[in-house]
1. Would you mind counting up the charge near residue 471? Only other residues with Cβ under 12 Å from its Cβ, with Lys and Arg at +1 and Asp and Glu at -1.
2. Take the alpha carbon gyration tensor of the range 411-454, find the square roots of its eigenvalues, order them as a ≥ b ≥ c, and report rounded if a/c is under 1.5; if not, report prolate when a/b exceeds b/c, else oblate.
3. Among the GluC sites (Glu not before Pro) within the range 422-457, which fall in a DSSP loop and have no more than 11 other Cβ atoms within 10 Å of their own Cβ?
4. Over the range 229-335, average the accessible area per residue using a 1.4 Å probe and give it in Å², no decimals.
5. Using only alpha carbon pairs under 8 Å that are at least six residues apart, calculate the relative contact order of the range 333-479 and give it in whole percent.
Amino acid sequence: MKRILIFLLMAALLASCAAQPEETEPSRWEFPAPEGLFVVYEIEAAGSVGRFGLIDAEGELVVPMHHTSIGVVHFLDGSSLPVDWPASERFFTVFEPVEPLVRFDRPLSKALISPEGNFLTGFHYSEIHLVPGDPTRMVALRTDDPHTLVFLDQYGAESPVDDPDLLYNFYKQNRVWMWESELAEGRQGPDVPEGGFDWVMVTRAGNYWGAVTIEPDSLTDSFFEQEVRLFSEYGVLISPDVYQSVFYIGDGFYQTFAMTGESGWESFIVDQNGRRLAGPYDDFHRDFRSSFVLGLIGDTAHVMNVDAFLELWSIERPQDGGFQLRGSGDHPVVSIHSETRPLTIIRLDTGAEIVFEDFPGHMFEANNRDFTRFVLFDMAWDDMAGFNNKLVDLEGNILASASSLDPYAFEEHDILIALDMHENEWIFRLIDWDGKVLLEGEYTHLEPLPGNALRVTRNEATGIIDFGGNWIYIQPQVG
(Lines give C-alpha, C1' and ligand atoms only; values in the text may rest on other atoms or scores of the structure.)
Protein backbone atom coordinates (compact mmCIF):
# COMPACT_ATOMS: atom_id res chain seq x y z
CA MET A 1 0.00 0.00 0.00
CA LYS A 2 2.81 2.35 0.88
CA ARG A 3 4.48 1.63 -2.47
CA ILE A 4 1.24 2.39 -4.29
CA LEU A 5 0.91 5.78 -2.55
CA ILE A 6 4.49 6.65 -3.36
CA PHE A 7 3.89 5.69 -7.01
CA LEU A 8 0.74 7.82 -7.20
CA LEU A 9 2.52 10.81 -5.67
CA MET A 10 5.40 10.52 -8.12
CA ALA A 11 2.99 10.24 -11.06
CA ALA A 12 1.10 13.34 -9.91
CA LEU A 13 4.39 15.22 -9.51
CA LEU A 14 5.54 14.29 -12.99
CA ALA A 15 2.19 15.28 -14.47
CA SER A 16 2.32 18.68 -12.78
CA CYS A 17 5.84 19.27 -14.09
CA ALA A 18 4.77 18.39 -17.63
CA ALA A 19 1.92 20.85 -17.45
CA GLN A 20 4.20 23.85 -16.79
CA PRO A 21 4.63 26.10 -19.89
CA GLU A 22 8.10 26.26 -21.34
CA GLU A 23 9.99 29.53 -21.07
CA THR A 24 10.36 31.28 -24.42
CA GLU A 25 12.49 34.14 -25.63
CA PRO A 26 10.81 37.50 -26.15
CA SER A 27 9.13 37.57 -29.54
CA ARG A 28 10.78 39.59 -32.31
CA TRP A 29 9.34 40.72 -35.58
CA GLU A 30 9.63 38.28 -38.41
CA PHE A 31 11.04 40.49 -41.13
CA PRO A 32 10.31 39.33 -44.67
CA ALA A 33 13.23 38.29 -46.84
CA PRO A 34 14.81 40.79 -49.25
CA GLU A 35 13.25 40.88 -52.71
CA GLY A 36 13.98 42.49 -56.04
CA LEU A 37 17.14 44.24 -57.15
CA PHE A 38 19.43 46.64 -55.27
CA VAL A 39 21.83 49.30 -56.49
CA VAL A 40 25.49 48.69 -55.59
CA TYR A 41 28.68 50.47 -56.52
CA GLU A 42 32.44 50.25 -56.34
CA ILE A 43 34.26 52.17 -53.64
CA GLU A 44 37.45 53.77 -54.91
CA ALA A 45 40.65 54.14 -52.90
CA ALA A 46 39.91 57.77 -51.98
CA GLY A 47 36.49 56.74 -50.67
CA SER A 48 34.59 58.13 -53.66
CA VAL A 49 31.92 56.22 -55.56
CA GLY A 50 32.96 54.34 -58.68
CA ARG A 51 30.96 52.34 -61.20
CA PHE A 52 27.39 51.17 -60.49
CA GLY A 53 25.61 47.85 -60.92
CA LEU A 54 22.57 45.87 -59.73
CA ILE A 55 22.41 42.76 -57.55
CA ASP A 56 19.53 40.43 -56.78
CA ALA A 57 18.33 39.39 -53.32
CA GLU A 58 20.91 36.55 -53.25
CA GLY A 59 23.78 38.95 -53.88
CA GLU A 60 24.43 37.97 -57.49
CA LEU A 61 25.37 40.71 -59.95
CA VAL A 62 22.55 41.09 -62.46
CA VAL A 63 23.86 44.26 -64.13
CA PRO A 64 27.68 44.46 -64.08
CA MET A 65 29.43 47.51 -62.65
CA HIS A 66 30.11 49.24 -65.95
CA HIS A 67 27.89 52.30 -65.53
CA THR A 68 28.33 55.88 -64.36
CA SER A 69 25.16 55.78 -62.27
CA ILE A 70 22.09 53.64 -61.64
CA GLY A 71 18.99 54.77 -59.76
CA VAL A 72 15.44 53.70 -58.99
CA VAL A 73 12.83 55.43 -61.15
CA HIS A 74 11.01 58.03 -59.04
CA PHE A 75 7.64 59.67 -59.44
CA LEU A 76 6.99 62.65 -61.66
CA ASP A 77 6.95 65.05 -58.68
CA GLY A 78 10.38 63.87 -57.54
CA SER A 79 9.14 61.80 -54.59
CA SER A 80 10.76 58.42 -53.85
CA LEU A 81 9.03 55.06 -53.92
CA PRO A 82 7.36 53.89 -50.71
CA VAL A 83 9.40 51.26 -48.88
CA ASP A 84 6.69 48.65 -49.49
CA TRP A 85 6.57 49.31 -53.25
CA PRO A 86 6.39 45.89 -54.95
CA ALA A 87 9.68 44.59 -56.34
CA SER A 88 7.88 43.68 -59.58
CA GLU A 89 7.17 47.38 -60.18
CA ARG A 90 10.61 48.76 -59.27
CA PHE A 91 12.24 49.99 -62.48
CA PHE A 92 15.74 51.46 -62.79
CA THR A 93 17.50 54.00 -64.97
CA VAL A 94 21.13 53.68 -65.93
CA PHE A 95 23.50 56.14 -67.54
CA GLU A 96 25.47 55.00 -70.56
CA PRO A 97 28.95 53.61 -69.81
CA VAL A 98 31.87 55.99 -70.32
CA GLU A 99 35.60 55.58 -69.99
CA PRO A 100 37.15 57.07 -66.82
CA LEU A 101 38.41 60.65 -67.14
CA VAL A 102 36.82 61.04 -70.60
CA ARG A 103 35.07 64.40 -70.98
CA PHE A 104 31.79 64.64 -72.86
CA ASP A 105 30.48 67.71 -74.66
CA ARG A 106 26.87 66.50 -74.32
CA PRO A 107 24.65 65.28 -71.48
CA LEU A 108 24.80 61.55 -70.81
CA SER A 109 21.69 59.61 -71.76
CA LYS A 110 19.75 57.04 -69.74
CA ALA A 111 18.28 53.65 -70.51
CA LEU A 112 15.41 51.88 -68.73
CA ILE A 113 16.01 48.61 -66.87
CA SER A 114 13.21 46.23 -65.88
CA PRO A 115 12.60 45.02 -62.30
CA GLU A 116 14.37 41.79 -63.36
CA GLY A 117 17.49 43.60 -64.60
CA ASN A 118 16.84 43.51 -68.36
CA PHE A 119 17.55 46.52 -70.58
CA LEU A 120 14.22 47.66 -71.99
CA THR A 121 15.54 50.58 -74.07
CA GLY A 122 18.74 51.98 -75.45
CA PHE A 123 20.44 55.07 -74.02
CA HIS A 124 17.94 57.51 -75.54
CA TYR A 125 16.51 59.56 -72.66
CA SER A 126 17.52 62.49 -70.48
CA GLU A 127 14.71 61.92 -67.95
CA ILE A 128 12.43 59.03 -67.03
CA HIS A 129 9.70 59.25 -64.35
CA LEU A 130 6.81 57.15 -63.05
CA VAL A 131 3.28 58.32 -63.79
CA PRO A 132 1.20 58.54 -60.58
CA GLY A 133 -1.56 55.96 -60.45
CA ASP A 134 -0.04 53.69 -63.10
CA PRO A 135 2.99 51.69 -61.94
CA THR A 136 3.53 50.15 -65.39
CA ARG A 137 3.80 53.40 -67.33
CA MET A 138 6.47 56.09 -67.33
CA VAL A 139 7.08 59.38 -69.06
CA ALA A 140 10.42 60.11 -70.68
CA LEU A 141 12.18 62.94 -72.46
CA ARG A 142 14.22 61.91 -75.47
CA THR A 143 17.77 63.21 -75.66
CA ASP A 144 17.61 63.71 -79.44
CA ASP A 145 14.34 65.65 -79.21
CA PRO A 146 14.24 67.51 -75.85
CA HIS A 147 10.82 69.02 -76.61
CA THR A 148 9.06 65.70 -77.14
CA LEU A 149 7.66 63.75 -74.24
CA VAL A 150 6.80 60.07 -74.70
CA PHE A 151 5.23 57.29 -72.69
CA LEU A 152 7.23 54.16 -71.93
CA ASP A 153 5.37 51.00 -70.94
CA GLN A 154 6.72 48.14 -68.83
CA TYR A 155 8.35 46.67 -71.95
CA GLY A 156 10.09 49.92 -72.97
CA ALA A 157 7.78 50.61 -75.91
CA GLU A 158 7.14 54.28 -76.74
CA SER A 159 3.81 55.98 -77.35
CA PRO A 160 2.91 59.67 -77.78
CA VAL A 161 1.76 61.87 -74.88
CA ASP A 162 -1.30 63.99 -75.65
CA ASP A 163 -2.29 64.93 -72.08
CA PRO A 164 -1.60 68.67 -71.61
CA ASP A 165 -1.79 68.44 -67.80
CA LEU A 166 0.79 65.68 -67.79
CA LEU A 167 3.02 67.65 -70.12
CA TYR A 168 2.74 70.68 -67.89
CA ASN A 169 3.46 68.70 -64.73
CA PHE A 170 6.50 67.07 -66.30
CA TYR A 171 8.12 70.36 -67.18
CA LYS A 172 7.00 72.44 -64.24
CA GLN A 173 6.09 70.23 -61.28
CA ASN A 174 9.50 70.40 -59.66
CA ARG A 175 9.86 74.12 -60.30
CA VAL A 176 6.61 75.65 -59.11
CA TRP A 177 8.01 76.48 -55.68
CA MET A 178 11.51 77.47 -56.89
CA TRP A 179 12.91 80.72 -58.21
CA GLU A 180 14.07 79.94 -61.73
CA SER A 181 15.95 82.64 -63.59
CA GLU A 182 16.20 80.62 -66.82
CA LEU A 183 12.39 80.51 -67.06
CA ALA A 184 12.35 84.30 -67.11
CA GLU A 185 14.10 84.48 -70.46
CA GLY A 186 12.01 85.38 -73.46
CA ARG A 187 8.86 86.38 -71.57
CA GLN A 188 6.65 88.61 -73.69
CA GLY A 189 3.31 90.32 -73.31
CA PRO A 190 1.65 93.71 -72.98
CA ASP A 191 2.37 94.02 -69.24
CA VAL A 192 5.84 92.47 -69.12
CA PRO A 193 8.34 95.09 -67.86
CA GLU A 194 10.73 96.48 -70.44
CA GLY A 195 13.73 94.95 -68.72
CA GLY A 196 12.07 91.57 -68.28
CA PHE A 197 12.07 89.56 -65.06
CA ASP A 198 14.84 88.52 -62.71
CA TRP A 199 13.03 85.24 -62.00
CA VAL A 200 9.64 83.69 -62.58
CA MET A 201 7.72 80.96 -60.77
CA VAL A 202 5.17 79.09 -62.86
CA THR A 203 1.85 77.91 -61.42
CA ARG A 204 -0.04 74.78 -62.37
CA ALA A 205 -2.68 76.99 -63.99
CA GLY A 206 -0.09 78.25 -66.49
CA ASN A 207 0.17 81.69 -64.88
CA TYR A 208 3.47 82.81 -63.45
CA TRP A 209 4.84 85.05 -60.74
CA GLY A 210 7.27 87.55 -62.23
CA ALA A 211 9.85 89.31 -60.05
CA VAL A 212 11.69 92.56 -60.71
CA THR A 213 14.49 93.77 -58.45
CA ILE A 214 14.40 97.46 -57.51
CA GLU A 215 17.91 98.76 -56.88
CA PRO A 216 18.57 101.02 -53.87
CA ASP A 217 18.22 104.77 -54.33
CA SER A 218 21.68 105.59 -52.98
CA LEU A 219 25.06 103.97 -52.45
CA THR A 220 24.53 104.00 -48.68
CA ASP A 221 21.32 102.00 -48.96
CA SER A 222 22.13 98.32 -49.48
CA PHE A 223 18.53 97.06 -49.47
CA PHE A 224 17.41 95.58 -52.78
CA GLU A 225 13.63 95.41 -52.93
CA GLN A 226 11.75 92.92 -55.08
CA GLU A 227 8.36 93.47 -56.62
CA VAL A 228 6.49 90.27 -57.49
CA ARG A 229 3.25 90.24 -59.49
CA LEU A 230 1.11 87.51 -61.04
CA PHE A 231 0.91 87.39 -64.85
CA SER A 232 -0.97 85.22 -67.33
CA GLU A 233 1.04 82.98 -69.63
CA TYR A 234 0.58 85.70 -72.29
CA GLY A 235 2.18 88.39 -70.14
CA VAL A 236 -1.05 90.07 -69.01
CA LEU A 237 -1.16 91.32 -65.41
CA ILE A 238 -3.76 89.25 -63.52
CA SER A 239 -3.83 91.01 -60.16
CA PRO A 240 -2.84 94.52 -59.07
CA ASP A 241 -1.39 93.15 -55.79
CA VAL A 242 2.36 93.63 -55.37
CA TYR A 243 4.41 91.41 -53.08
CA GLN A 244 8.02 91.41 -52.00
CA SER A 245 8.33 87.61 -51.80
CA VAL A 246 6.29 84.59 -52.78
CA PHE A 247 6.75 80.96 -51.68
CA TYR A 248 4.99 77.82 -52.88
CA ILE A 249 3.45 75.87 -49.97
CA GLY A 250 1.82 73.02 -51.92
CA ASP A 251 -1.46 72.12 -53.63
CA GLY A 252 -1.55 75.27 -55.73
CA PHE A 253 -1.23 77.61 -52.69
CA TYR A 254 1.32 80.38 -52.29
CA GLN A 255 2.38 82.35 -49.26
CA THR A 256 3.11 85.98 -50.02
CA PHE A 257 4.67 88.83 -48.05
CA ALA A 258 3.90 92.50 -48.66
CA MET A 259 5.39 95.59 -47.06
CA THR A 260 2.97 97.83 -45.19
CA GLY A 261 5.44 100.62 -44.49
CA GLU A 262 9.11 101.07 -43.80
CA SER A 263 9.27 98.15 -41.39
CA GLY A 264 5.86 96.46 -41.44
CA TRP A 265 4.95 93.21 -43.16
CA GLU A 266 1.77 91.28 -43.76
CA SER A 267 1.31 87.81 -45.19
CA PHE A 268 -1.41 86.22 -47.33
CA ILE A 269 -2.22 82.83 -48.77
CA VAL A 270 -2.97 83.24 -52.46
CA ASP A 271 -4.12 80.73 -55.08
CA GLN A 272 -2.58 80.32 -58.52
CA ASN A 273 -5.03 82.84 -59.97
CA GLY A 274 -4.07 85.57 -57.52
CA ARG A 275 -7.11 85.29 -55.24
CA ARG A 276 -6.36 85.91 -51.57
CA LEU A 277 -7.64 83.00 -49.51
CA ALA A 278 -6.39 84.02 -46.05
CA GLY A 279 -4.79 87.05 -44.47
CA PRO A 280 -3.45 89.42 -43.61
CA TYR A 281 -1.49 87.58 -40.90
CA ASP A 282 2.01 88.01 -39.57
CA ASP A 283 3.00 84.59 -40.87
CA PHE A 284 1.69 81.14 -41.77
CA HIS A 285 2.84 77.62 -40.96
CA ARG A 286 1.94 74.72 -43.20
CA ASP A 287 3.46 71.32 -43.92
CA PHE A 288 3.23 70.19 -47.53
CA ARG A 289 0.04 68.24 -48.21
CA SER A 290 -1.35 69.12 -44.78
CA SER A 291 -5.06 69.85 -44.60
CA PHE A 292 -4.43 72.52 -41.93
CA VAL A 293 -2.68 75.88 -41.76
CA LEU A 294 -1.64 78.01 -38.80
CA GLY A 295 -2.15 81.75 -39.25
CA LEU A 296 -0.05 83.74 -36.75
CA ILE A 297 -0.98 87.15 -35.40
CA GLY A 298 1.24 88.21 -32.53
CA ASP A 299 1.30 85.38 -30.00
CA THR A 300 -1.90 83.77 -31.30
CA ALA A 301 -2.07 80.96 -33.84
CA HIS A 302 -5.38 80.54 -35.65
CA VAL A 303 -6.04 76.99 -36.89
CA MET A 304 -7.60 76.83 -40.37
CA ASN A 305 -8.29 74.06 -42.83
CA VAL A 306 -7.39 74.43 -46.48
CA ASP A 307 -10.93 73.72 -47.72
CA ALA A 308 -12.27 77.17 -46.86
CA PHE A 309 -9.48 78.79 -44.77
CA LEU A 310 -11.95 79.49 -41.97
CA GLU A 311 -10.58 79.92 -38.43
CA LEU A 312 -11.55 76.84 -36.40
CA TRP A 313 -9.97 77.75 -33.06
CA SER A 314 -7.01 79.68 -31.65
CA ILE A 315 -3.94 78.77 -29.60
CA GLU A 316 -1.82 81.14 -27.53
CA ARG A 317 1.93 80.99 -27.93
CA PRO A 318 3.94 80.65 -24.68
CA GLN A 319 6.24 83.58 -23.96
CA ASP A 320 9.23 81.21 -23.70
CA GLY A 321 8.29 78.80 -26.47
CA GLY A 322 6.53 78.36 -29.75
CA PHE A 323 4.43 76.20 -32.10
CA GLN A 324 5.05 73.31 -34.41
CA LEU A 325 2.62 72.12 -37.09
CA ARG A 326 3.02 68.53 -38.18
CA GLY A 327 0.39 67.73 -40.73
CA SER A 328 1.63 65.25 -43.30
CA GLY A 329 0.87 62.09 -41.31
CA ASP A 330 -2.33 60.32 -40.43
CA HIS A 331 -2.80 62.51 -37.36
CA PRO A 332 -2.07 66.21 -38.04
CA VAL A 333 -1.09 67.97 -34.83
CA VAL A 334 0.04 71.25 -33.35
CA SER A 335 2.61 70.96 -30.59
CA ILE A 336 3.22 73.78 -28.09
CA HIS A 337 6.65 73.78 -26.49
CA SER A 338 7.93 75.92 -23.67
CA GLU A 339 10.98 76.13 -21.43
CA THR A 340 8.82 76.10 -18.30
CA ARG A 341 5.45 74.58 -19.25
CA PRO A 342 4.68 70.95 -20.12
CA LEU A 343 4.85 69.95 -23.77
CA THR A 344 1.32 69.85 -25.20
CA ILE A 345 0.23 68.12 -28.41
CA ILE A 346 -3.17 68.94 -29.92
CA ARG A 347 -4.65 66.59 -32.52
CA LEU A 348 -6.24 68.70 -35.24
CA ASP A 349 -8.47 65.89 -36.46
CA THR A 350 -10.16 65.39 -33.06
CA GLY A 351 -9.15 68.39 -30.93
CA ALA A 352 -7.82 66.02 -28.23
CA GLU A 353 -4.90 67.24 -26.13
CA ILE A 354 -1.94 65.18 -24.92
CA VAL A 355 0.02 66.86 -22.12
CA PHE A 356 3.47 65.63 -21.07
CA GLU A 357 3.78 67.06 -17.56
CA ASP A 358 7.36 65.88 -17.08
CA PHE A 359 8.74 67.33 -20.31
CA PRO A 360 9.03 71.10 -20.29
CA GLY A 361 11.83 72.25 -22.57
CA HIS A 362 11.08 69.50 -25.09
CA MET A 363 9.79 69.62 -28.67
CA PHE A 364 7.65 67.07 -30.47
CA GLU A 365 9.50 65.21 -33.23
CA ALA A 366 7.40 62.23 -34.39
CA ASN A 367 4.73 59.68 -33.48
CA ASN A 368 3.82 56.12 -34.41
CA ARG A 369 0.80 55.20 -36.48
CA ASP A 370 -1.66 54.56 -33.66
CA PHE A 371 -0.54 57.68 -31.78
CA THR A 372 0.61 55.92 -28.62
CA ARG A 373 4.38 56.52 -28.88
CA PHE A 374 6.22 59.80 -29.35
CA VAL A 375 9.73 61.01 -30.05
CA LEU A 376 10.61 64.15 -28.07
CA PHE A 377 13.64 66.40 -28.49
CA ASP A 378 15.37 67.94 -25.48
CA MET A 379 16.04 71.57 -26.41
CA ALA A 380 18.36 72.16 -23.44
CA TRP A 381 20.92 69.51 -24.35
CA ASP A 382 23.96 71.08 -26.02
CA ASP A 383 26.21 68.03 -26.26
CA MET A 384 25.31 66.22 -29.49
CA ALA A 385 26.76 63.01 -28.06
CA GLY A 386 24.07 63.03 -25.38
CA PHE A 387 20.62 61.51 -25.35
CA ASN A 388 18.66 64.48 -26.68
CA ASN A 389 15.91 62.32 -28.27
CA LYS A 390 13.54 60.35 -26.06
CA LEU A 391 10.95 57.72 -26.99
CA VAL A 392 7.97 57.97 -24.61
CA ASP A 393 4.50 56.50 -24.25
CA LEU A 394 1.23 58.31 -23.55
CA GLU A 395 1.99 58.41 -19.82
CA GLY A 396 5.42 59.94 -20.38
CA ASN A 397 7.42 56.81 -19.55
CA ILE A 398 10.80 56.87 -21.31
CA LEU A 399 11.14 53.72 -23.41
CA ALA A 400 14.45 54.57 -25.13
CA SER A 401 16.92 57.42 -25.56
CA ALA A 402 19.35 58.27 -28.34
CA SER A 403 21.10 61.20 -29.97
CA SER A 404 18.51 60.95 -32.74
CA LEU A 405 15.50 58.75 -33.45
CA ASP A 406 14.20 58.82 -37.04
CA PRO A 407 11.00 56.94 -37.96
CA TYR A 408 11.04 54.58 -40.90
CA ALA A 409 7.83 53.08 -42.27
CA PHE A 410 8.14 49.34 -42.78
CA GLU A 411 5.09 47.61 -44.27
CA GLU A 412 2.49 47.35 -41.48
CA HIS A 413 5.04 48.43 -38.85
CA ASP A 414 7.06 51.51 -38.08
CA ILE A 415 10.59 51.21 -36.79
CA LEU A 416 13.09 53.77 -35.58
CA ILE A 417 16.65 54.37 -36.71
CA ALA A 418 18.61 55.26 -33.56
CA LEU A 419 21.93 57.10 -33.74
CA ASP A 420 24.32 57.19 -30.77
CA MET A 421 27.92 58.13 -30.06
CA HIS A 422 30.07 55.14 -29.11
CA GLU A 423 33.80 55.50 -28.50
CA ASN A 424 33.92 58.77 -30.47
CA GLU A 425 32.06 57.29 -33.45
CA TRP A 426 28.45 57.57 -34.52
CA ILE A 427 26.74 54.17 -34.48
CA PHE A 428 23.33 53.21 -35.93
CA ARG A 429 20.86 50.60 -34.69
CA LEU A 430 17.19 49.75 -35.25
CA ILE A 431 14.58 49.73 -32.49
CA ASP A 432 10.82 49.36 -32.43
CA TRP A 433 8.34 51.82 -30.94
CA ASP A 434 8.46 49.98 -27.62
CA GLY A 435 12.20 50.66 -27.37
CA LYS A 436 13.25 47.05 -28.05
CA VAL A 437 16.42 46.62 -30.10
CA LEU A 438 15.78 44.94 -33.47
CA LEU A 439 19.25 45.27 -34.97
CA GLU A 440 22.47 46.52 -33.46
CA GLY A 441 26.14 46.40 -34.35
CA GLU A 442 29.01 48.67 -35.26
CA TYR A 443 27.13 50.25 -38.16
CA THR A 444 28.58 53.66 -39.03
CA HIS A 445 26.04 54.03 -41.88
CA LEU A 446 22.54 52.58 -42.14
CA GLU A 447 20.11 53.32 -44.96
CA PRO A 448 16.79 51.45 -45.40
CA LEU A 449 16.10 50.37 -48.97
CA PRO A 450 12.88 49.39 -50.74
CA GLY A 451 12.83 45.61 -50.89
CA ASN A 452 13.39 44.74 -47.21
CA ALA A 453 17.12 45.46 -47.06
CA LEU A 454 19.59 47.94 -45.63
CA ARG A 455 22.71 49.57 -47.02
CA VAL A 456 25.25 49.70 -44.20
CA THR A 457 28.89 50.36 -43.43
CA ARG A 458 30.49 48.18 -40.77
CA ASN A 459 34.18 47.72 -40.01
CA GLU A 460 35.10 49.66 -43.18
CA ALA A 461 32.95 47.35 -45.34
CA THR A 462 29.95 48.81 -47.17
CA GLY A 463 27.17 46.77 -48.71
CA ILE A 464 23.66 45.34 -48.44
CA ILE A 465 22.31 43.33 -45.49
CA ASP A 466 18.92 41.94 -44.57
CA PHE A 467 17.05 43.07 -41.46
CA GLY A 468 18.63 40.24 -39.51
CA GLY A 469 22.08 41.72 -40.08
CA ASN A 470 23.24 39.09 -42.59
CA TRP A 471 25.43 40.29 -45.46
CA ILE A 472 23.88 39.96 -48.90
CA TYR A 473 26.68 41.74 -50.76
CA ILE A 474 29.84 43.62 -49.81
CA GLN A 475 30.63 46.35 -52.30
CA PRO A 476 34.15 46.00 -53.74
CA GLN A 477 36.93 48.47 -53.10
CA VAL A 478 38.97 49.26 -56.20
CA GLY A 479 42.03 51.30 -57.10
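1. Net local charge, residue 471 excluded: 0.
2. Taking the square roots of the gyration eigenvalues as a ≥ b ≥ c, the range 411-454 is oblate.
3. Counting only loop positions with at most 11 other Cβ atoms within 10 Å, the GluC sites (Glu not before Pro) in the range 422-457 are 423.
4. For the range 229-335, the per-residue accessible area is 46 Å².
5. About 10 percent, as a whole number.
The values are calculated or read from the model by the stated rules, or taken from the named source; none is laboratory data. Predicted model only: the values in this text are computed from it and were never measured. Using ideal geometry, Cβ is built from the backbone for each residue, glycine included, and neighbour counts are taken over all protein chains shown. The accessibility values were calculated without ligands, DNA or RNA, using every heavy atom of the protein model including side chains. Shrake-Rupley method; radii C 1.70, N 1.55, O 1.52, S 1.80 Å.
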